[in-house]
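The values are calculated or read from the model by the stated rules, or taken from the named source; none is laboratory data. A quick note: this is a predicted structure, and the numbers were derived from the prediction, not measured. Counting neighbours? That spans all protein chains shown, and the Cβs are built from the backbone with ideal geometry, glycine included.
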């Protein structure tokens with residue numbers, strides 16, 4: 001009676017879709033999440049399978065099992081954890097649904113504050129064909145972006161006016177194309193702009209921050225992400241293959 005059963009599926013244990021096959025792209029589509037991913041005027045772009053399989057599925061299953069086990073230990077009564085990736089993807093979109101309910105979000109792709117609609121929250125191509133990411137939302141971070149990038153144009157004063165986002169993005173696009181990614185890193189890294197280079201899967205393990213933290217490890221010659229999060233008293237044991 002104290003056992004906790006974890007049942008992770010795409011559609012969940014109940015509902016019309018419950019007995020049907022599906023994949024990550026289908027689960028996040030039904031939850032409303034996929035509708036928000038992509039550029040304005042373009043089709044939805046699935047974020048690989050991070051939101052459904054791993055975020056809405058694996059992570060929620062792990063959280064649910066821990067909560068269920070803790071409950072069973074204190075009450076002596078187990079239960080079944082019905083973890084549907086569709087439910088999890090919906091919960092991961094809770095902030096977006098809140099913004100929509102508050103009138104702070106348009107039900108369209110690529111026109112909002114956090115979905116590449118704003119000029120100060122997006123990725124930009126550099127002169128070498130590589131990319132950087134900018135997330136200068138708060139006024140102090142935006143002011144620092146303007147200072148470091150030399151944005152003295154008074155048009156940038158209207159940061160939060162959505163009507164200006166398009167024209168200002170065009171200006172930033174041209175500006176960031178004037179230097180390489182490394183040149184922008186030299187200007188913007190180690191500041192509070194909210195900046196980071198967009199690194200490839202091969203580049204990320206070599207970045208100084210990731211190397212110092214040991215974010216990636218090599219096991220039997222295979223480079224892979226290290227266990228996370230970090231536990232101060234019970235650190236994860238060395239990873240083994242097989």
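Key figures for this structure:
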item: Subset of the range 92-111 (residues that are surrounded by 14 or more Cβ atoms within 10 Å (Cβ to Cβ) and without any contact (Cβ under 8 Å) to a residue 24 or more places away in the chain); result: 99, 100, 105, 106
item: Filter result (out of contact with any strand residue (DSSP E or B) (no Cβ under 8 Å at 6 or more places or on another chain) and over 13 Å from residue 40 (Cβ atoms)) within the range 95-118; result: 95, 96, 97, 98, 99, 100, 101, 102, 103, 104, 105
item: Those residues of the range 73-91 which are outside any strand (DSSP E or B) and either over 11 Å from residue 5 (Cα atoms) or free of Cβ contacts under 8 Å to residues at least 12 places away in the same chain (or both), in sequence order; result: 73, 74, 75, 76, 77, 85, 86, 87, 88, 89, 90, 91
item: Meets criteria (at pLDDT 95 or above, over 20 Å from the mean Cα position of the chain (by Cα) and farther than 22 Å from residue 63 by Cβ) for residue 12; result: no
item: Qualifying residue in the range 15-24 (condition: in contact with a helix residue (DSSP H, G or I) (Cβ under 9 Å, 6 or more places away or on another chain), buried (at least 17 other Cβ atoms within 10 Å of the Cβ) and not in a helix (DSSP H, G or I)); result: yes
item: Residue identified as surrounded by 15 or more Cβ atoms within 10 Å (Cβ to Cβ) and either in contact with a helix residue (DSSP H, G or I) (Cβ under 7 Å, 6 or more places away or on another chain) or at negative phi (or both) among 172, 158; result: 172
